[in-house]
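Written out below as structure tokens is the structure these notes cover.
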Amino acid sequence: MSKLFFIIFIVLEVAQVVLTFTKAREKAVWLKTRAIVRLVETLALIGIVEIPSTHLKWRFTVCMIILFVRLLIAGIMWLAGRKKAVGTKSKAGAVVSCVLSVILIAVTLAPAFIFTNYNGLPTTGEFGVKSASAILVDESRTDTFENDGSYREVPIYFFYPDTESGSYPLVVFSHGAFGYYQSNFSTYEELASNGYVVAALDHPHHAFFTTDTQGKTVTVDQKFINDAMNINNEGITEEQIYETTQEWMKLRIDDENFVLDTIEEAKKSGTLGTAWHTEQADDVTFVLNMTDIEKIGLMGHSLGGATSTAVGRERDDIDAVIDLDGTMLSERKSLADGKYQYYEEPYPVPILDFTKQKDYNDREQYKIDNGYAYVNEDVIKNAKDGRTVIFSKVGHMDFTDLPLISPTLAAMLDNGKAEVDNAEFMTLVNSIVLNWFDYYLKGEGTLDIQANY
């Protein structure tokens, strides 16, 4: 619909220029024509917004407000100047007015071009899905990204079964670098529909954007962006890589541990403590009451997968972990003489490692070049139950919903060229995730997971 309106808009604007060049050069006539064009544009957009399938209606509404204001101005100028306007409208002025109008509407409609009308994928479970949110304030930590000494805040978003009874395992999700809590929205809904409580968290300043307790939008930190983009460039030493990534992991591990501890404390006490900030207290209390904290799974994408892997090792209340295409950075205990030292102790819980075929091939080369296994391979080999699932013809962002939300952004962020149907691929990913957690958190079914897809 955004393309349709933009075409209509351009046609009308160009038509006005053509008329100016031919029959409507008198200023009074030009003013009247402009008012009529603005009216037609506004009516066309109103019609599009009213179509049920139109996505990003709020953005179209903003555009409509802009057009209405411009219509009002054009009408006032025509009524006020129709008798006073003398002479002819310059061709250059008409062209400039057309170009500026097109740019203004293009900027306003940009999100409608970039984002699709994605509303998730069909779920397979028996339950509908509800959601609630809160922001947890950790008074034991100050936020090092802020300059005011404020405490670290961690937003969490619950997705849970729409039912009045039952007790359901908890799955905590951590997003990747520049991601945000909805990165795997279809996964949360699939799990919730099948009887899980999912808590997706934002890591402020690592997330593309989030919101704090004051209602302020918190965007991704520029230094973090620069470091993440340049981490593998020539000239960056292994020591620098190790130091930087461990700093990232410390922040994220503390975030995830804080979320888990706060959820468990609220569940055991039956009340929301001072850490909880929410306008949905009843809903949050309800979802905590149905959460089974004796059965906990962790998962995440990319840097979030590394975070969940790290937390899964250090806590004794975790039952299963899934890493979606992330390097298990915290499994590198130290760096000595240019070589990473891994944990000697086996990974304590079942862990499932998703990776791309190209990256898996690179792991083999890594072993040849360095004389020891890539960290993920070492973890999987020594885990209680470690498995690697390899996917061909996919890119890094295909393990999230981003290609479904915005193919444009996904292509910009991912250097892999996917050759799969994104909806079908995420449906496959979600089915494997569900199978893993069903088996290890609920003790249901058998593991039906292939090594290669």
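Details
- Of the strands (runs of 3 or more DSSP E) that lie entirely inside the range 336-430, those containing 1 or more residues that are among the acidic types (Asp, Glu) span 351-356.
- Single residue of Leu260, Leu251 found to be on the phi < 0 side of the Ramachandran plot, open to solvent by less than 40 Å² (accessible area, probe 1.4 Å), touching a Lys or Arg at 6+ places or on another chain (Cβ under 8 Å) and hydrophobic (A, V, I, L, M, F, W, C): Leu260
- Of the residues making up the range 350-370, those that are modelled with pLDDT of 95 or more and among the β-branched types (Val, Ile, Thr) number 2.
- Filtered residues of the range 206-220 (kept if open to solvent by less than 40 Å² (accessible area, probe 1.4 Å) and more than 19 Å from Gly326 (Cβ to Cβ)): Thr210, Asp212, Val218
- Residue in the range 332-346 that is open to solvent by less than 10 Å² (accessible area, probe 1.4 Å), in contact with a helix residue (DSSP H, G or I) (Cβ under 8 Å, 6 or more places away or on another chain) and at pLDDT 95 or above present: no
- The condition (being aliphatic (A, V, I, L, M), farther than 24 Å from Lys130 by Cα and free of Cβ contacts under 8 Å to residues at least 12 places away in the same chain) is satisfied by just one residue among Ile231, Ile241, Ile253: Ile241.
- Criterion applied to Ser150, Ser97, Ser140 was being among the hydroxyl-bearing types (Ser, Thr, Tyr), at pLDDT 75 or above and either open to solvent by less than 60 Å² (accessible area, probe 1.4 Å) or touching a strand residue (DSSP E or B) at 6+ places or on another chain (Cβ under 6 Å) (or both), and the one residue passing it is Ser150.
- Residue identified as at positive phi and in contact (Cβ under 8 Å) with a residue 40 or more places away in the chain among Phe158, Phe185, Phe224, Phe178: Phe178
- Residues located in the range 268-293, provided they are part of a helix (DSSP H, G or I), of a type in the set (Val, Ile, Thr) and touching a Leu at 6+ places or on another chain (Cβ under 7 Å): Val284, Thr285
- Set side by side, the residues Thr285, Thr278, Thr274 differ, and just one is farther than 30 Å from Glu238 by Cβ, more than 27 Å from the chain's Cα centre (by Cα), modelled with pLDDT of 95 or more and hydroxyl-bearing (Ser, Thr, Tyr), which is Thr274.
- Among the residues of the range 226-248, those identified as closer than 19 Å to Gly176 by Cβ and surrounded by fewer than 18 Cβ atoms within 10 Å (Cβ to Cβ) are Asn226, Met229, Asn230, Ile231, Asn232, Ile241, Thr244, Gln246, Glu247.
- Considering residues of the range 279-310 that are open to solvent by 20 Å² or more (accessible area, probe 1.4 Å) and hydroxyl-bearing (Ser, Thr, Tyr) only, the residue farthest from Lys442 (Cα to Cα): Ser302
- One residue from Ser406, Ser392 being more than 21 Å from Gly304 (Cα to Cα) and either at pLDDT 95 or above or surrounded by fewer than 22 Cβ atoms within 10 Å (Cβ to Cβ) (or both): Ser392
- Lone unmet requirement of (1) at pLDDT 90 or above; (2) hydrophobic (A, V, I, L, M, F, W, C); (3) open to solvent by 50 Å² or more (accessible area, probe 1.4 Å) for Ala411: (1)
- Those residues of the range 416-451 which are open to solvent by 80 Å² or more (accessible area, probe 1.4 Å), in contact with a helix residue (DSSP H, G or I) (Cβ under 8 Å, 6 or more places away or on another chain) and of a type outside the set (Ser, Thr, Tyr), in sequence order: Glu444, Asp448
- Total residues in the range 295-314 satisfying the condition of being on the phi > 0 side of the Ramachandran plot and assigned to a helix (DSSP H, G or I): the figure is 0.
The values are calculated or read from the model by the stated rules, or taken from the named source; none is laboratory data. Given the structure is predicted, the values throughout are model-derived calculations rather than measurements. Every residue, glycine among them, receives a Cβ derived from its backbone with ideal geometry; neighbour counts consider all protein chains shown. Just so you know, the surface numbers come from the protein's heavy atoms only, side chains and all, with ligands and any DNA or RNA stripped out. Shrake-Rupley method; radii C 1.70, N 1.55, O 1.52, S 1.80 Å.
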